[in-house]
Amino acid sequence: MLLNQFLLLAAALFCIGVYGVLARKNGMLVLMSIELILNAVNINLVAFGSLTDDVAGEVFALFTIAVAAAEVGIGLAIVLLMYRNRRSIDLSEADLMKG
Amino acid sequence: MNALLAAALPLAVEGPSEASSVTNDASWFLENAWIIPLLPAISFVLILFFGKRMPKKGAEFGIAAVGIAFLLAVLTGFSWLDHRDNFDGPLAESPSTHADDEHHDDHSDDADHSDDDHADEEALGVAVVEQDGTSSSDAIVLTVEEDGEKGGEHPYVAVQQSTQWLQSGGIEFNAGILVDGLSVMMLFVVTIISLLVHIYSTDYVSGDRRYTHYFAFLSLFTASMLFFVLSDNILQMIVGWELVGVCSFALIGHWWEEKPNSDAALKAFLTNRVGDVGLLVGMITLFFAAGGGQTFDTLAINNAVVQGEVGHTALIVAAAALMAAVMSKSGQFVLHTWLPDAMAGPTPVSALIHAATMVVAGIYMVARLYPVFFEGMQIGGSSINLLSTVGAITLVFAGLLAFVQTDIKKVLAYSTVSQLGYMAMALGVGAWTAAVFHLFTHAFFKANLFLGSGSVAHAVHSFDMKKSMGGMKKFMPRTYITFIIGSVALAGLPPLAGFWSKDEILVGTGGWGLFGGTGGNGAYTFHLLMGMVGAALTAAYMTRCIYLTFHGEYRGNDAHDDDHAHADDHADDHDPHAVADPAHAGDHHEPHESGPRILWPLYILSGFSILVGFLNLPKGFQLVPKSWELRFEHFIEPAGASYFPAIAHGAPSWSLAIVSTAIALAGIGGAYWYYFVKVDGLAKQTGQHLTELPNGFVTTNKLARAGHKVLVEKYYLDHLYTGIIAGFTKGPLARATYWVNQTIIDGTVDAAGRTAVKVGKGVYDTIDQGVIEGVVNGSGKVSDASGEGLRHINTGKVQNYAAILFAGAALLAGAFIVILAL
């Protein structure tokens with residue numbers, strides 16, 4: 001099996017995800033990019049799991065999916081509240097953490 | 001009989017299947033006794049959530065739950081009577097105490113399995129029959145051995161049901177019930193007293209601001225105590241023990257708005273914590289020494305101890321540590337100080353917790369783990385040991401303290417401490433049945449007395465005998481009669497309950513051998529004497545209490561005039577209605593008899609106080625048929641069971657019974673002469689309200705005055721705890737620390753400071769102004785500049801932060817790769 005191809009795919013997805021998280025202004029798209037990062041990791045987990053013939057990789061991927069679902073739930077709630085309060089989900093406007 | 005039992009025990013122990021005296025196959029009531037504690041626990045939850053919305057504010061839940069629990073306990077009791085005499089089902093395998101005994105473990109698994117099958121399918125019963133065959137052959141050995149003594153009786157077989165709670169590191173943590181004579185007896189006592197207290201409370205605390213809360217905790221307390229007595233392993237016992245302590249804390253502090261009440265609750269809780277440390281240490285020692293680090297099962301531990309598999313040192317440590325727990329929970333001398341203060345709680349609570357049930361938890365624990373104490377303290381064949389001596393000292397010292405109390409409940413509290421001393425002493429001298437029987441009878445007459453005192457206090461709104469009572473006989477004739485019955489039972493006059501149980505304890509000391517009697521586990525002469533002295537004291541202080549409360553002239557009205565002058569007197573602090581109804585407290589009205597919900601529990605308890613003593617008539621008592629003798633001992637004491645040590649029984653004698661009765665009568669006579677003749681006579685002569693002789697020996701004799709002072713100060717134990725131990729920490733110790741601080745440390749600091757000032761003056765001009773100032777200003781400028789630069793990073797935008805985070809991660813990853821590559 002060609003492990004390299006999976007790893008390259010995962011690396012590419014990860015980079016796209018990181019770019020999305022850092023560069024997009026839309027909150028929804030940032031959340032989607034985070035999903036990309038997580039799934040890149042999942043691909044790695046499954047690939048290594050099947051390489052070493054160990055089910056632990058798949059099991060961890062399942063855990064990641066479950067945690068990602070919870071994380072997206074909270075993320076969407078935050079975006080929704082942000083929209084209600086500001087009528088916008090542009091992240092460049094959200095700078096309340098400025099000290 | 002002892003020789004026979006001793007001969008029978010090794011046979012039972014060395015049998016091929018090592019059957020213990022346990023079964024898990026008995027009648028429905030015995031197998032399902034766990035429902036009894038569950039009912040009040042459910043009631044607790046219901047009262048908490050729905051109590052306030054119910055028409056009776058939650059009391060109905062408590063009464064219904066405890067009422068059903070009482071009925072179940074009675075039915076369980078009858079099932080036990082039948083089980084004790086007629087059981088011939090399969091015995092369970094004894095739980096293994098050897099970690100390495102693989103074969104045995106397999107064996108017992110098989111047995112459990114086949115028992116289950118037996119219930120389901122008759123056809124698979126072949127294996128069961130084999131199991132039964134080996135098991136009951138041991139039983140037959142026991143039966144045959146006992147035949148010569150009692151005539152064709154069944155062995156004593158406890159019922160145990162347990163289920164796995166969790167498993168960790170190969171150790172099973174079980175939860176289960178252990179039903180034998182002792183726990184069945186406790187179930188009966190706890191449920192009946194609790195039921196009567198519930199009914200009594202509906203009148204006594206009616207109108208209280210936390211009425212619902214009060215009933216919730218009564219339910220939880222009942223549930224905890226029932227849970228505790230049914231535990232089949234020591235972990236569960238610890239849980240029950242602590243639950244009981246928490247409920248006690250909540251109920252003592254029921255009227256926590258007043259400082260003394262919340263102080264008393266804290267004192268009870270903290271004093272019990274001291275003993276709880278001992279409980280933990282003792283139980284852990286037992287788990288490793290007797291349970292082999294594998295099992296918490298009470299019976300397995302007892303079995304191991306009885307069979308001599310446990311080292312003596314471990315047993316001494318365990319017994320001594322558990323003694324600390326007994327001393328705090330069951331109010332034994334040195335740690336008893338919380339119990340009289342705990343009278344700050346509502347009176348029904350005092351009856352339930354501090355007379356009949358909770359404080360006997362320690363006694364129950366000793367009775368349950370009796371082999372540990374019997375072997376650890378070498379009770380058989382000894383003449384003195386820690387348990388019996390602490391008990392003997394407690395019973396006399398607490399009895400003396402009862403003489404100087406003005407608060408009627410405190411008299412009863414010290415009386416309880418004293419009677420608990422009797423029980424501990426009885427256990428210490430090997431008179432197991434006598435101790436448990438005294439626990440049983442004491443529960444009834446002490447609850448009777450406490451509820452009686454509550455009835456009086458309900459009428460006069462105070463507990464102070466000297467200021468607010470006197471002459472209550474004519475206002476409350478019914479309460480008076482029940483109180484007299486309780487007092488006579490407590491004083492130990494025949495034929496009431498206390499006589500039989502107290503006399504058995506005296507017999508059990510075996511010290512009567514000096515005077516021609518026999519038996520017992522050793523010559524405990526000192527303990528016999530202390531028991532005799534205690535009997536006289538008990539009779540005398542109860543006579544004093546009755547005189548001050550019910551005879552003479554009513555002092556309530558003149559007491560009210562200077563009521564406020566005695567604000568420092570704690571006796572008035574728990575006036576039942578002062579909190580619930582402040583407008584009521586200052587009334588100048590005649591006291592009147594209490595209502596039916598207070599009187600009926602008193603009647604019932606008086607009935608029990610008269611009758612329960614007949615349950616255990618002594619052996620060889622010529623006035624009754626032979627089949628009436630020792631019924632209690634027969635059903636309760638696990639004689640011959642593999643988890644119970646072979647204790648000896650003292651032989652009762654008429655002479656001892658007559659002497660102890662005479663001593664009690666002498667105590668009553670002495671107090672009667674002082675109060676009813678001298679004090680009353682003088683009071684009538686002078687027309688004053690007297691509670692003691694103005695020129696009695698306490699005021700004239702210097703030694704007596706000193707003794708009186710010691711008693712009033714409660715042996716200075718509270719001074720020792722709060723004044724010396726706590727006071728030393730915050731008084732002299734703190735002052736010494738302060739002095740060290742002021743003179744040595746401060747001196748050094750001051751000197752250093754003065755030198756520093758001089759040096760500083762010189763330094764200031766040269767170094768500070770020149771060099772330092774420059775550096776400081778320079779660093780200020782640097783941080784200002786860097787802050788100005790860094791300010792731009794702190795944008796408040798999440799994405800910028802994320803970018804920094806990723807950059808950092810990338811840097812670290814890069815460094816990691818570089819290090820790997822090196």
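The values are calculated or read from the model by the stated rules, or taken from the named source; none is laboratory data. Keep in mind the model is a prediction, meaning the values are calculated, not measured. Heads up, the Cβs are rebuilt from the backbone with ideal geometry, glycines too, and the neighbour counts pull from every protein chain shown.
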Residue among B:Glu637, B:Glu629, B:Glu633 that is under 33 Å from the mean Cα position of the chain (by Cα) and at pLDDT below 80: B:Glu629
Some residue of region B:788-804 being on the phi < 0 side of the Ramachandran plot, at pLDDT 85 or above and more than 14 Å from chain A (Cβ to nearest Cβ): no
Residue match in region B:216-231 (condition: among the β-branched types (Val, Ile, Thr) and modelled with pLDDT of 90 or more): yes
Flag for B:Glu788 being among the charged types (D, E, K, R) and surrounded by fewer than 10 Cβ atoms within 10 Å (Cβ to Cβ): yes
In region A:20-32, residue farthest from A:Ile74 (Cα to Cα) [restricted to those that are within 10 Å of chain B (Cβ to nearest Cβ) and surrounded by fewer than 19 Cβ atoms within 10 Å (Cβ to Cβ)]: A:Ala23
Where B:His589 falls short, out of the listed (1) at pLDDT 50 or above; (2) surrounded by fewer than 17 Cβ atoms within 10 Å (Cβ to Cβ); (3) part of a helix (DSSP H, G or I): (3)
Failed item in (1) in contact with a strand residue (DSSP E or B) (Cβ under 9 Å, 6 or more places away or on another chain); (2) closer than 30 Å to B:Gly595 by Cα; (3) among the β-branched types (Val, Ile, Thr), with B:Ile234 passing the rest: (2)
Meets criteria (modelled with pLDDT under 85 and of a type in the set (Phe, Trp, Tyr)) for B:Phe78: no
Those residues of region B:459-484 which are part of a helix (DSSP H, G or I) and surrounded by fewer than 24 Cβ atoms within 10 Å (Cβ to Cβ), in sequence order: B:Ala459, B:Lys466, B:Lys467, B:Lys473, B:Lys474, B:Phe475, B:Pro477, B:Arg478, B:Tyr480, B:Ile481, B:Ile484
Which listed residue is touching a His at 6+ places or on another chain (Cβ under 8 Å) and either assigned to a helix (DSSP H, G or I) or surrounded by 24 or more Cβ atoms within 10 Å (Cβ to Cβ) (or both), from B:Ser328, B:Ser388: B:Ser388
A:Ile37 vs. criteria aliphatic (A, V, I, L, M) and more than 14 Å from chain B (Cβ to nearest Cβ): no
Subset of region B:671-691 (residues that are surrounded by 15 or more Cβ atoms within 10 Å (Cβ to Cβ) and not charged (D, E, K, R)): B:Ala671, B:Tyr672, B:Tyr674, B:Tyr675, B:Phe676, B:Val679, B:Leu682, B:Ala683, B:His689, B:Leu690, B:Thr691
Residue satisfying condition, being closer than 28 Å to B:Glu31 by Cα and surrounded by 22 or more Cβ atoms within 10 Å (Cβ to Cβ), within set B:Trp241, B:Trp255: B:Trp241
Residues that are farther than 24 Å from A:Gln5 by Cα, of a type outside the set (A, V, I, L, M, F, W, C) and touching a residue at least 12 places away in the same chain (Cβ under 8 Å), drawn from region A:32-82: A:Glu71, A:Gly75
Pair list, Cβ under 7 Å, 6 or more apart: region A:86-99 residue more than 9 Å from chain B (Cβ to nearest Cβ), other residue assigned to a loop (DSSP other than H, G, I, E, B): A:Asp90/A:Lys25
Residues of region A:8-19 that turn out to be under 30 Å from A:Thr52 (Cβ atoms) and loosely packed, with under 15 Cβ neighbours inside 10 Å, as a count: 6
Residue list for region A:62-85, filter: of a type in the set (Val, Ile, Thr) and more than 11 Å from every other protein chain (Cβ to nearest Cβ): A:Thr64, A:Ile65, A:Val67, A:Val72, A:Ile74, A:Val79
Any hit, region B:725-733, residues being modelled with pLDDT of 75 or more, under 51 Å from the mean Cα position of the chain (by Cα) and more than 14 Å from chain A (Cβ to nearest Cβ): no
Any hit, region B:767-781, residues being away from every other protein chain (no Cβ under 12 Å), without any contact (Cβ under 8 Å) to a residue 60 or more places away in the chain and under 30 Å from A:Ser92 (Cα atoms): no
Every residue from region B:626-655 that is basic (Lys, Arg) and over 21 Å from B:Lys502 (Cα atoms): B:Lys626
Residue within region A:73-89 that is out of contact with any Phe, Trp or Tyr (no Cβ under 9 Å at 6 or more places or on another chain), surrounded by 12 or more Cβ atoms within 10 Å (Cβ to Cβ) and within 20 Å of B:Phe806 (Cα to Cα) present: yes
Answer from B:Ala250, B:Ala351, B:Ala314 - the residue that is in contact with a Leu (Cβ under 7 Å, 6 or more places away or on another chain) and in a helix (DSSP H, G or I): B:Ala351
Filtered residues of region B:372-385 (kept if buried (at least 24 other Cβ atoms within 10 Å of the Cβ) and over 16 Å from B:Gly278 (Cβ atoms)): B:Phe374, B:Ile379
